[in-house]
There are 2 protein chains.
Amino acid sequence: MTDTIDKDTLAAARESARSRYDEYVAAGLKLDITRGKPCSAQLDLSDGMTDVLPAGDHTADPEGDARNYGGAPQGLKALREMFAPLVDVPADQLVVRDNSSLSLMHFCVASSFFHPLPGGEKPWAGEKVTFLAPSPGYDRHFAVCDELGVDLKTVAMTADGPDMDEVEVLVAADSSIKGIWCVPKYSNPTGVTYSDEVVRRLAAMTTAAPDFRIYWDNAYAIHHLTGEHDELASIVDACAEAGHPDRVFVFASTSKVTFAGGGVSFFGGSPANVTWFLARDGMRSIGPDKINQLRHVRFFGDTAGVQAHMDKHREIIAPKFEAVGKALAGDLGALGVAEWNEPNGGYFVSLDVVPGTAKRVVQLAKEAGVALTPAGATFPGGDDPGDRNIRIAPTFPTTDELERALGVLTTCVILAAAEKLLD
Amino acid sequence: MTDTIDKDTLAAARESARSRYDEYVAAGLKLDITRGKPCSAQLDLSDGMTDVLPAGDHTADPEGDARNYGGAPQGLKALREMFAPLVDVPADQLVVRDNSSLSLMHFCVASSFFHPLPGGEKPWAGEKVTFLAPSPGYDRHFAVCDELGVDLKTVAMTADGPDMDEVEVLVAADSSIKGIWCVPKYSNPTGVTYSDEVVRRLAAMTTAAPDFRIYWDNAYAIHHLTGEHDELASIVDACAEAGHPDRVFVFASTSKVTFAGGGVSFFGGSPANVTWFLARDGMRSIGPDKINQLRHVRFFGDTAGVQAHMDKHREIIAPKFEAVGKALAGDLGALGVAEWNEPNGGYFVSLDVVPGTAKRVVQLAKEAGVALTPAGATFPGGDDPGDRNIRIAPTFPTTDELERALGVLTTCVILAAAEKLLD
């Protein structure tokens, strides 16, 4: 982008940006666009769920009394059948657990150190283990690896998904590479949905590690922002067709469907992977919160009910994403100092500023009262080699707060670009 | 006990037992007294909890909106304050999490392999790790160790708790001994509440491992069966007073208070342990289900509300424990072929039969349609060296079913004793 920057235009823009910045600082703002949290209006959509079970309504079909232990090792059948088409995993290969799909991912990585995975010869304990991290990506994925002593190797994200030329060479050559993190639909933060070709190549590629796993975090499977829904090929089918049925662990949750923290999570995969997961999980817990699962069954009714609910989310948050696009285009479009995506779904806008200025932008914004996700957070180790990526999370603030925060942000992008390119 | 058995009396008892047994087999019974599950009437006590939050009631004080992420890393303050006196841990040293305290124990053991504990120099990965298993004990504790590659060393249970003479010698001599499993109140299965002296010695003993932990599973802290409540000394205080504040991890849950699987769990310990736990837990989850925590706050109101609720449980299950005592005494008391406890709380009666006959009793009962916990399950590896302990779980069946099952059980105890001693 910097090729196209006209220095005189940027210098002029800096003048007006300086005066705006001073006004922002003087105004004593306190705005936060750091994390992908639902706003209150989104949470209100699920308020009917808190009392959807009247006293005495506790019987799941066919499991029976959802209040007691046992009876549903994979989670309620009705809930698995409701979400199976949405997460593209057959209901009998799907497991429902409590809030936090992230904790399921942590559990799967941790358990791999104690028990061999299907296809593996031994547990990972004592071995060097590496996961590929398509970046920019999700910081909490990277944190799970840091927590468990797993090395991360950055690979590039393209407009179609991870750079498969790079991925294929790495996994073929190095048996310590045991996994890859993927947010395959409306990716965090770049909004990319993996192309059919990327899905096929992930499923088909030759891996040196016999127990390699794709951690397929389909967090935004149904989180559309427009009427034009991205289509994602079935990774479970692709892996089975490629002769690698056990290659993928699928994860999803309703954290951004019902209540963040009060939702349910899903694990899916081949029959062998489901057996492995249930065997590991069965040693730590007698079972999940089936009452909360029944709440979800009653609240949605069926798959169409979930989709109708997501349409209401979209009505609330799509205008916020439009506000982001409008502000970025209006304030920065003519200057060539930034690039960004306009996602069809998900929770983020990924903003690339002039290389070497992302940290400075975040610092300037902070000093003007606007909290942004730390620059670099979308890369392993918090280290963005280009120092240019900033993740914008528009859902939580009101549109008014968001517009003010974006005004600060674009002002800081201009100031930092000018410092870098003109001084 | 076998010293006191009169063989003529036993032989006569066998005759009538044989004819009863044939009748049981012919009746085609199907009874189950295997696991400590609440019965429907107990679960009904909490039915008011499913709709205790009307739509719009989602604000916790002081945390704010319980529907969203964040704001309560330790769990809701009101819930911590409500349960702090019940689990004997200060509210600010208590953490509330989702259903399944067992999964917290698993998480703590597993995390110890990746991160040093307070007091420890390095993680446990690559080391031989051993936990002491006072036995008879809880089979799922032992299963957590099996799952995570931790060796178990059996120590004897006495009427006051673990045999501390044995424990002190072992932990002082062997730095691979990193923990001990304790169910300190109304112990599973022997019903023992640890004496003040045992609590003091556990806290004060010299351990070769600097990161030794007592896994204090206070599962039955408030699960009284009589008006005479056992008193348990504070392990947190005892450890602090002994100069070992970080020695204990406390666990508890409401699985047998509200809904099995739909309750909340607690982790407690020293400030350093709480910091360690939150640091580890924060890498796998953005936070617990605060909505379910708020449900518990609203449903109980205060600590006295919890206690009043437990009185209602007691009214339902105490008669079942009385039925067990009556059947065992009536059928076996005069024969000297068994010993058992009459607990003041908890979920189990521990029955010791003639050594070498427990497996046979369970097999005979199975053939007559009564499922018992597998003989040996209360010992590490499922191996009861005396083959004599059988755990009876009276809560789930109706009193009628329970009485029929006990009739079968005592009949089988007599038959197995006679086989062993007379044939």
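The aspartates and glutamates within cross-link reach of A:Lys128, meaning a Cα-to-Cα straight distance under 19 Å and a gap of 8 or more places when in the same chain, are A:Asp146, A:Glu147, A:Asp151, A:Asp174, A:Asp211, B:Glu127.
DSSP beta bridges confined to the protein assembly as shown are antiparallel in about 50 percent of cases. Taking a cut-off of 17 Å between Cα atoms, list the lysines near A:Lys366, but don't count ones fewer than 8 places away on the same chain. Within the straight-line cut-off, A:Lys366 pairs with A:Lys30. Summed over qualifying helices (DSSP H, 4 residues or more, each -39500 (n - 2.57)) and divided by its residue number, chain A shows a 222 nm mean residue ellipticity of -13000 deg cm²/dmol. Please compute how much accessible surface disappears when A pairs with B, both sides summed, using a 1.4 Å probe, and round it to the nearest 100 Å². Buried surface at the A/B interface: approximately 4500 Å².
Could you look at the range B:256-339 and say what percent of its accessible area is carbon and sulfur, using a 1.4 Å probe and all protein chains?
On the range B:256-339, the fraction of accessible area on carbon and sulfur atoms equals 54 percent.
May I ask which of A:Lys77/B:Lys37; B:Lys185/B:Lys312; A:Lys312/A:Lys359; A:Lys37/B:Lys256; A:Lys290/B:Lys359; B:Lys185/B:Lys290 have a Cα-Cα span longer than 26 Å here? Mind dumping the intermediate values first?
Values: A:Lys77/B:Lys37 22 Å; B:Lys185/B:Lys312 19 Å; A:Lys312/A:Lys359 36 Å; A:Lys37/B:Lys256 33 Å; A:Lys290/B:Lys359 34 Å; B:Lys185/B:Lys290 28 Å.
Cα-Cα > 26 Å for A:Lys312/A:Lys359; A:Lys37/B:Lys256; A:Lys290/B:Lys359; B:Lys185/B:Lys290; rest within.
Find me the longest stretch of chain A that has none of the exposed trypsin sites (Lys or Arg not before Pro), where exposed means in a DSSP loop (not H, G, I, E or B) with at most 14 other Cβ atoms within 10 Å.
On the way: sites that count: A:Lys30, A:Lys128.
Longest run free of exposed loop sites: A:129-423.
Taking all protein chains as shown and a probe of 1.4 angstrom, B:His244 keeps an accessible surface of around 60 Å².
Rolling a 1.4 Å probe over the protein heavy atoms gives the protein assembly as shown an accessible area of 35 Å² per residue. Axis between B and A by rotation; chain B residue with nearest Cβ and distance in whole Å recorded as B:Asp51, 2.
Could you pull out the longest piece of chain B with no exposed loop GluC sites (Glu not before Pro) in it, calling a site exposed if DSSP puts it outside H, G, I, E, B and it has at most 10 other Cβ atoms within 10 Å?
Working: sites that count: B:Glu121, B:Glu228, B:Glu231.
Excluding the exposed sites themselves, the longest stretch runs over B:232-423.
Interface residues of the range B:244-274, defined as those with an accessible-area decrease of at least 10 Å² between the chain by itself and the complete set of protein chains (probe 1.4 Å), are B:Ser255, B:Lys256, B:Phe259, B:Ala260, B:Gly261, B:Gly262.
Straight-line cross-link partners of B:Lys7 among the aspartates and glutamates, defined as a Cα under 13 Å from its Cα and at least 8 positions apart when in the same chain: B:Glu15, B:Glu419, B:Asp423. Across A:His115, A:His223, A:His141, mean-square fluctuation computed from a Gaussian network of chain A (C-alpha pairs under 10 Å connected) peaks at A:His115. Within the shell defined by Cβ-Cβ distances under 9 Å, the residues around A:Gly36 carry a net charge of +4, with Lys and Arg each +1 and Asp and Glu each -1. Put a plus charge on the Cβ of each Lys and Arg, a minus charge on the Cβ of each Asp and Glu, and nothing anywhere else: the dipole of chain B about its Cα centre is then about 940 debye.
The values are calculated or read from the model by the stated rules, or taken from the named source; none is laboratory data. None of these values were measured; they are calculated from a predicted model. Using ideal geometry, Cβ is built from the backbone for each residue, glycine included, and neighbour counts are taken over all protein chains shown. Note: areas computed on protein heavy atoms with side chains; ligands, DNA, RNA excluded. Shrake-Rupley method; radii C 1.70, N 1.55, O 1.52, S 1.80 Å.
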